[in-house]
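**Student:** Take a look at this one; I'll ask things after.
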Number of protein chains: 2
Amino acid sequence: MLGAVPSVASLPTSLRDALRAGADLELAAVDTRSTPGIGGKAEAAAARGGIAERLDELQERLFAEGTRSLLLILQGMDTSGKGGTIRHVVTALNPAWVDVAAFKKPTDEELAHHFLWRIERRLPGPGGVTVFDRSHYEDVLVVRVHGLVPPEALPTRYDEIDAFERRLTEAGTTVVKCMLHISRSEQKERLLARLDDPTKHWKFREGDIDERARWDAYQEAYADAIRRCSTDVAPWYVVPADRKWYRNWAIAQLLLETLEDMDPRYPPSTLDVPRLRKRLADER
Amino acid sequence: MLGAVPSVASLPTSLRDALRAGADLELAAVDTRSTPGIGGKAEAAAARGGIAERLDELQERLFAEGTRSLLLILQGMDTSGKGGTIRHVVTALNPAWVDVAAFKKPTDEELAHHFLWRIERRLPGPGGVTVFDRSHYEDVLVVRVHGLVPPEALPTRYDEIDAFERRLTEAGTTVVKCMLHISRSEQKERLLARLDDPTKHWKFREGDIDERARWDAYQEAYADAIRRCSTDVAPWYVVPADRKWYRNWAIAQLLLETLEDMDPRYPPSTLDVPRLRKRLADER
């Protein structure tokens, strides 16, 4: 079956409602150290096992149902925790049915195509869950901050993204978009921590420091993109991410609420169990 | 750097040595309920956290090193636990750098190509780990049992597989091939258990019962393929798999020994840490 009617109302509290961004988003007004929806670190730790167990079951149902899919988009400044989220949250899912796609600087081939071309190729198949580490939003973020597209091209891109995501959702893919929102000073601490730890040097790029000079321009680009592309069918969630434990809990909880809402079902069984059992019993 | 000299000698015991299959393999002589290399279920449970932690670190090093890769091939009869292994072992790894490829009945497009064509497209990239749920070995197993290739074509296929795997290993991919070895009666129990559990009906196919009539032919095909294609560069391991806890421990341990042997290293740091630290400190 294709899913029961979603019943958000049945959830006692909804983190999705709390974190959903609207057309009135003011990023600077979102406290990056806040922890909406949960009492504290201990409460998040206590909830972890239960969330993982329910995610596991719901994901199996989604795969068994085999018609719909889930796309989790992670965006955020360098060091905001996209990789950490994948390490700590996505491991709750069955790796057989998860694909993680990291979108880096486009290749020559990718640049020669429309910006959605490389995205299209990594969409989830029926029953699958795909996680985007960066996404098509880079084409209205870094590209805008670095002036790689003229400002007058942005409205068209937003429209194209809206139309693209609408098509995805109409075809059965639920899209969850999360901005991991950290403060400029938190990023500085994390960059310094990477310098302190030789096992983290391999992921340090001096360009990350250069980009900090453009912090405000990035925040503006994020805010515009989120305001413009947070739609009913594909909402944006702004996740306070200075606290890693909160970020991990929040994304897991957002995934859980989304999957509960999708309410995937095992397909109806068509097995003639007594006959099959007899076949096995009657074997030599 | 491209890895230090492997030091198998430094391992107190090697499960790889215990489970490696040679040209003299007699599958029927391998007790599917045996548990070589570990005292029992409690000991395996106690080892689990430590193995997962070391796998995590070694995998990060492999990715950071960025030159080599790991390919885990899982083969086995229906219900032998390929999916369970992925669920319970592969989750120890960072999903960002793992790809799971399930090879099912070939599509028309795949059939129109050489049998290695679809395999080639799913090989790990530099630093990556890929898990094959079934593999190119299906083309000397199910295809042989069902007479889809003439017997005289098999030696050529074995040679092609050997040459293919040799090329992979020479290009930096370590290949670990595991046969999950269950007994015919254990399979019967597992099929009955699936019939008992309505949430498992979606993965039950009556064809699985039909195939049991060909059990001996499959065992012969497996034994021949393993004897013929267990090479120094890409050995086969026969993993007793009637006990799920043993199977999970053994595959995790085989992965661990393999990664320890590969000994991936973080690339040498080229960062001028004091200067970078000063840049961050001097910011407005």
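No lab work stands behind these numbers, since they all come straight from the coordinates. Note that the structure is predicted; figures quoted are calculated from it, not measured. Every residue, glycine among them, receives a Cβ derived from its backbone with ideal geometry; neighbour counts consider all protein chains shown.
**Student:** Would you work out the charge dipole size for chain A about its Cα centre, treating the Cβ of every Lys and Arg as +1 and the Cβ of every Asp and Glu as -1, and quote it to the nearest 20 debye?
**Tutor:** Values: 41 positive and 45 negative charges, 171 e Å.
Taking the Cα centre of chain A as origin, the dipole is about 820 debye.
**Student:** As a footprinting exposure proxy, order B:34, B:69 by other Cβ within 10 Å, with the fewest listed first. List each step's numbers first, then the result.
**Tutor:** Working: B:34 12, B:69 25.
Neighbour counts put them in this order, fewest first: B:34, B:69.
**Student:** Along the Cα→Cβ direction, 7 angstrom out, place labels at residue A:214 and residue B:53. What is the inter-label distance in nm?
**Tutor:** About 4.1 nm separates the two model spin labels.
**Student:** Shifting gears a bit: Just want the ordering: A:164, B:132, A:63, from fewest to most Cβ atoms lying within 10 Å of their own Cβ.
**Tutor:** On the way: A:164 18, B:132 24, A:63 21.
Ranking A:164, B:132, A:63 by Cβ neighbours within 10 Å, fewest first, gives A:164, A:63, B:132.
**Student:** Next up: With both partners inside chain B, how many of the DSSP beta bridges are antiparallel, as a percent to the nearest 5?
**Tutor:** Details: 1 of 24 bridges.
If we restrict to bridges inside chain B, about 5 percent are antiparallel.
**Student:** What number results when the radius of gyration of the stretch B:62-221, computed over Cα atoms, is divided by 2.2 N^0.38 Å?
**Tutor:** Working: Rg = 16.9 Å, N = 160, 2.2 N^0.38 = 15.1 Å.
Output field value: 1.12.
**Student:** To the nearest whole percent, what portion of all C-alpha pairs in the stretch A:18-155 is separated by more than 24 angstrom?
**Tutor:** On the way: 4318 of 9453 pairs.
Value for the stretch A:18-155 (Cα pairs over 24 Å): 46 percent.
**Student:** To continue, here is another question. Using only alpha carbon positions, build the gyration tensor of the stretch B:140-284, then give the equivalent ellipsoid semi-axes as the square roots of 5 times its eigenvalues, largest first, whole angstrom. Provide the component values of the computation, followed by the final result.
**Tutor:** Working: eigenvalues 378, 123, 42 Å².
Calculated on Cα positions only, the semi-axes equal 44, 25, 15 Å.
**Student:** Next question, about the same structure. Among A:153, A:143, A:32, whose Cα projects farthest towards the positive end of the dipole of chain A, with charges put on the beta-carbon of Lys, Arg (+1) and Asp, Glu (-1)?
**Tutor:** Result: A:32, furthest along the dipole toward the positive end.
**Student:** Another question, if that's okay. Could you tell me which of A:176, A:202, A:262 has its Cα farthest along the dipole of chain A towards the positive end, charges placed at Cβ (Lys, Arg +1; Asp, Glu -1), taken about the Cα centre?
**Tutor:** Positive-most Cα among the choices belongs to A:202.
**Student:** If you take each beta carbon of peptide B:260-272 and count the beta carbons of other chains within 10 angstrom, what is the mean? List each step's numbers first, then the result.
**Tutor:** Numbers: counts 0, 0, 0, 0, 0, 0, 5, 2, 3, 7, 3, 8, 2.
For this peptide, the per-residue mean of nearby foreign Cβ atoms is 2.
**Student:** Another one. Mind putting together the pair-distance distribution for the stretch B:197-245? All Cα pairs, 10 Å bins, whole percent per bin, short to long.
**Tutor:** The percentages, shortest bin first, are 19, 31, 35, 13, 1.
**Student:** Once you charge only the Cβ atoms, +1 for Lys and Arg and -1 for Asp and Glu, what is the size of the charge dipole of the stretch A:156-212 about its Cα centre, to the nearest 20 debye? List each step's numbers first, then the result.
**Tutor:** Working: 12 positive and 13 negative charges, 30 e Å.
Here the stretch A:156-212 has a charge dipole of around 140 debye.
**Student:** Where the centroid of each part is defined by its Cα atoms, how far is the stretch B:49-128 from the stretch A:210-284 in Å?
**Tutor:** 23
**Student:** Still on this model: If a/c stays under 1.5 just call it rounded; otherwise compare a/b with b/c (prolate if a/b is bigger, oblate if not). Do that for the protein assembly as shown, with a ≥ b ≥ c from the square roots of the Cα gyration tensor eigenvalues. Don't skip to the end; give the middle numbers.
**Tutor:** Numbers: a/c = 1.87, a/b = 1.48, b/c = 1.27.
It is prolate, given that a/c is not under 1.5 and a/b is the larger ratio.
**Student:** Something else about it: What size of dipole, in debye to the nearest 20, comes out for the protein assembly as shown about its Cα centre when the only charges are +1 on Lys and Arg C-beta atoms and -1 on Asp and Glu C-beta atoms?
**Tutor:** Numbers: 82 positive and 90 negative charges, 172 e Å.
My answer is approximately 820 debye.
**Student:** I've got another one for you. Compare the Cα positions of B:80, B:46, A:77 along the charge dipole of the protein assembly as shown (+1 at Cβ of Lys, Arg; -1 at Cβ of Asp, Glu; about the Cα centre) and return the one farthest towards the positive end.
**Tutor:** The residue sitting most towards the positive pole is B:46.
**Student:** Can you list the distances in nanometres, one decimal and ascending, from the residue B:18 label point to the identical position in each other copy, with the point 7 Å along Cα to Cβ?
**Tutor:** 4.8
**Student:** Which of the trypsin sites (Lys or Arg not before Pro) found in the stretch B:106-163 are in a DSSP loop and have at most 11 neighbouring Cβ atoms, other than their own, within 10 Å? Don't skip to the end; give the middle numbers.
**Tutor:** Numbers: sites: B:118, B:121, B:122, B:134, B:144, B:157; in loops: B:121, B:122, B:134.
Hits after loop and neighbour filter: B:121.
**Student:** Once you put a point 7 Å from the Cα of residue A:24 and another 7 Å from the Cα of residue B:281, both along the Cβ direction, what distance in nm separates them?
**Tutor:** Placing both labels 7 Å beyond Cα along the Cβ direction yields 4.5 nm.
**Student:** Kindly put A:209, B:119 in sequence by how many other C-beta atoms sit within 10 Å of each C-beta, fewest to most.
**Tutor:** Working: A:209 17, B:119 23.
Fewest-to-most Cβ neighbours within 10 Å comes out as A:209, B:119.
**Student:** Once you have the Kirkwood Rh of the stretch A:220-284 from its Cα pairs, apply Stokes-Einstein at 10 °C and 1.306 mPa s and quote D in µm²/s.
**Tutor:** The estimated diffusion coefficient comes to 96 µm²/s.
**Student:** Partner chain Cβ atoms within 10 Å, averaged over the residues of B:47-53 - can you pull that number for me? Walk me through the numbers before you get to the answer.
**Tutor:** On the way: counts 0, 0, 0, 0, 0, 0, 0.
The per-residue average across the peptide is 0.
**Student:** Moving on. Just add up the charged neighbours of residue B:236: K/R +1, D/E -1, any other residue whose Cβ is under 9 Å from the Cβ of residue B:236. Please list the in-between numbers first.
**Tutor:** On the way: positive: B:20, B:177, B:227; negative: none.
Net charge around residue B:236: +3.
**Student:** Please return the longest range in chain A lying between exposed loop sites, taking GluC sites (Glu not before Pro), DSSP loop only, at most 15 other beta-carbon atoms within 10 Å, and leaving the sites out. Walk me through the numbers on the way to the answer.
**Tutor:** Working: sites that count: A:26, A:283.
Longest stretch, sites excluded: A:27-282.
**Student:** Tell me the mean residue ellipticity at 222 nm calculated for the protein assembly as shown from its helices only (DSSP H runs of n ≥ 4, each -39500 (n - 2.57), averaged over every residue, nearest 500).
**Tutor:** Working: 24 runs with 258 residues, N = 568.
Computed mean residue ellipticity for the protein assembly as shown: -13500 deg cm²/dmol.
**Student:** Kirkwood-based Rg over Rh for the stretch B:133-192 (C-alpha set), two decimals?
**Tutor:** Working: Rg = 15.0 Å, Rh = 13.8 Å.
For the stretch B:133-192, the value is 1.08.
**Student:** Report D for the stretch A:34-85 in µm² per second (integer): Stokes-Einstein, Kirkwood Rh on Cα pairs, 10 °C, 1.306 mPa s. Each step should come with its number before you reach the end.
**Tutor:** Numbers: Rh = 13.8 Å.
Once the numbers are plugged in, D ends up at 115 µm²/s.
**Student:** Follow-up. Gap in Å between the Cα centre of the stretch B:134-166 and the Cα centre of the stretch B:181-198?
**Tutor:** Here the two parts' Cα centres lie 28 Å apart.
**Student:** While we're looking at this one, here's another question. Taking the label point 7 Å from Cα in the Cβ direction, how far apart in nm is residue B:171 from each other copy of itself, listed shortest first?
**Tutor:** 3.0
**Student:** Summarise the partner chain shielding of B:78-87 as one whole number: the mean count of Cβ atoms from other chains within 10 Å of each residue's Cβ.
**Tutor:** That average works out to 2.
**Student:** Here is a follow-up. Under 4 °C and 1.567 mPa s, how fast does the stretch A:58-106 diffuse according to Stokes-Einstein, given a Kirkwood radius computed over C-alpha pairs? Answer in µm²/s, whole number.
**Tutor:** Numbers: Rh = 12.5 Å.
My calculation gives 103 µm²/s for D.
**Student:** Net charge around residue B:275, counting only other residues with Cβ within less than 13 Å of its Cβ (Lys, Arg = +1; Asp, Glu = -1)? Could the numbers behind the result be given before it?
**Tutor:** Numbers: positive: B:277, B:278, B:279; negative: A:206, B:272, B:282.
Every neighbour counted, the sum reads 0.
**Student:** Shortest first and in nm to one decimal, what separations exist between residue A:107 and its copies in the other chains, measuring from label points 7 Å along the Cα-to-beta-carbon line?
**Tutor:** In nanometres, ordered from closest: 1.9.
**Student:** No solvent, one uniform scatterer per C-alpha: report log10 I(q)/I(0) for chain B via the Debye equation at q = 0.09, 0.12 1/Å, two decimals.
**Tutor:** -0.46, -0.79
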